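S.K.: This is the structure, below, for whatever I ask next.
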Amino acid sequence: MVPKLAPLALAATAFLVACDEEEPAPVPKTLEEPVGPHDVSVLFPMPAVLGQRTSLIGADAAGARGTLLPEATYDALPPVDAVLSNVQSYPLLRVVSARFDPCFPGLGEPCQNQIRLVMQPVTIDKTGEKLAANDAAVHLFYSLSREELEAVVRRVVDLRKASGIETDAGPLGVHPALLSEGVEGAFASGFRDALLQYAGDKNLVRVTFMALRGAADDWRFGGFDIVDGAMVPMEIPGLAGTYEQSFVNADQAGTVFDKASITPESTSADDFSLFLYPAKVSAATLEARQAAYGALLRVENPERHSPATIDCVTCHIAPGTRAFAERELGFSAVGSPDAFASGDEPPGKTVFGTQMLRAFGVFRSEPAIAQRTVNETEAVVAYVNDQIVGD
């Protein structure tokens, strides 16, 4: 049905037609031009200056929507750091990465517009000469409307352009503006302001964690949905009735898998756990090894799996397992029908070890970018440019 125009609007329309004037220029869209990977996935560097640790955004940073991660919420989680209590590690938490996602979790699930932050405890390493992130993390999800998501991404785009960075400034890595300007530069300051305008405890809807336990060889995963202010344990995808999952690997050198285990084991049909057990790998046929490698590539492929279909451990051990399979067994994803066809490798290809479980953050002092994160980012860029820009 065509809406009726008010008399004043009719008069104005008649005047324009009578005078043969052009239609008024349309109101500019929130996103008027294509975005690139660094507009939707922002990775921070570890500052070279020790005193700039506090220049990274802290968990207690607060803005229009409250505190990013209230201390009471963090304290309610199981112990996250291997050595420190949550009370002790809370002041050390810093934002190491941010992602803007218009359709989380994907693959036919209802689209949820979200900001996703990863925080890790950042300290001075054992040498006393540089900053390092502890091998622990919390992943925070903030709900937005589509209009809010467009607005905050537009802010990030404008900040990037103001820093002289092009849309196609290379594949996903540490944000180029943060590399060139540092964590106290104009981009970092503007990004902090934008983030605190749109993210806070008022729209925090989920908190997940990766905690390091045992002799630094036991990683625990779990999470909570925040419903009406209450923390509700989150069921791990594919593991009905399971709210925590662990991965053990005694080889801290990151070369092989030693006494490795997943508890409880994944139920996914795309199971590549064969690679975790040296005796089984040695006895397996080439066909069995190839099948496991294909499953691994499918797990990394956002057209095959989403965060709603992959259990925590399977997702986080994929990069190290793939590195092992390619380095030790000679596999390659080139030409594989299971690989995400257009996903670029991270610049310089993040060198993953079997004890390295970071997806998009910092391992010790170096950036860590899993191939699935690269693939998801490319999928988000395609979605934004196709479905949102100029819509």
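Nothing in this text is a laboratory measurement; each read-out follows from the coordinates by a stated rule. Not measured: the values here are computed from a predicted model. Quick reminder, even Gly has a Cβ in these numbers, built from the backbone with ideal geometry, and neighbours come from all protein chains shown.
S.K.: Between the helical axis of 146-162 and the dominant principal axis of the chain, each derived from Cα atoms, what acute angle in degrees is found, rounded to the nearest 10?
M.R.: Between helix and principal axis, roughly 80 degrees.
S.K.: Return the long-range amide H neighbours of G254 (sequence gap of 5 or more, or a different chain), with a cut-off of under 5 Å between placed amide H atoms.
M.R.: T354, Q355
S.K.: Out of G128, G182, G66, any idea which swings most in a Gaussian network model of the chain, alpha carbons joined below 10 Å?
M.R.: Top of the fluctuation ranking is G128.
S.K.: With point charges of +1 on the Cβ of Lys and Arg and -1 on the Cβ of Asp and Glu, referenced to the Cα centre of the range 30-388, which listed residue (A216, T377, G108) lies farthest in the positive direction of the dipole?
M.R.: A216
S.K.: Let me ask you something else. Rounded to whole Å, give me the distance from the Cα center of the range 77-91 to that of the range 286-359.
M.R.: 30
S.K.: As an exercise, use a Förster radius of 30 Å and the Cβ-Cβ distance of R65 and D251 to find the FRET efficiency, rounded to the nearest 0.05.
M.R.: The pair R65/D251 has a calculated efficiency of 0.10.
S.K.: Taking the chain as a Gaussian network, Cα atoms linked when under 10 Å apart, which of P121, P367, P110 shows the biggest mean-square fluctuation?
M.R.: The residue with the greatest mean-square fluctuation here is P110.
S.K.: Hey, another quick one. Considering only N203, N375, N134, give the residue with the highest GNM mean-square fluctuation for the chain, with springs between Cα atoms whenever their separation is below 10 Å.
M.R.: Evaluated over the chain, the most mobile residue of the options is N203.
S.K.: Run the dipole for the range 260-391 about the Cα centre, Lys and Arg Cβ at +1, Asp and Glu Cβ at -1, nothing else charged, and hand back the magnitude in debye, nearest 20.
M.R.: The dipole magnitude comes to about 500 debye.
S.K.: So who's got an amide H within less than 5 Å of the one on F363, skipping anything under 5 residues away but keeping other chains? H placed 1.01 Å off N, in plane.
M.R.: Correct list: A368.
S.K.: I would also like to ask the following. On a 0 to 90° scale, report how tilted helix 186-198 is relative to the longest principal axis of the chain, with both axes built from alpha carbons and the result rounded to the nearest 10.
M.R.: Tilt relative to the chain: about 80 degrees.
S.K.: What trypsin sites (Lys or Arg not before Pro) does the range 294-391 have in DSSP loop regions with at most 13 other beta carbons within 10 Å?
M.R.: Sparse-neighbourhood loop trypsin sites (Lys or Arg not before Pro): K349.
S.K.: In Å and on Cα atoms, what radius of gyration and Dmax does the chain show?
M.R.: Values for the chain (Cα only, Rg and Dmax): 22.9, 85 Å.
S.K.: Further question: What is the dipole size for the chain, taken about its Cα centre, with +1 at each Lys and Arg Cβ and -1 at each Asp and Glu Cβ, in debye to the nearest 20?
M.R.: That gives the chain a dipole magnitude of about 860 debye.
S.K.: How long are the semi-axes of the equivalent ellipsoid of the range 274-316, taking √(5λ) for every eigenvalue λ of the Cα gyration tensor, in whole Å from largest down?
M.R.: Whole-Å semi-axes of the equivalent ellipsoid: 23, 12, 5.
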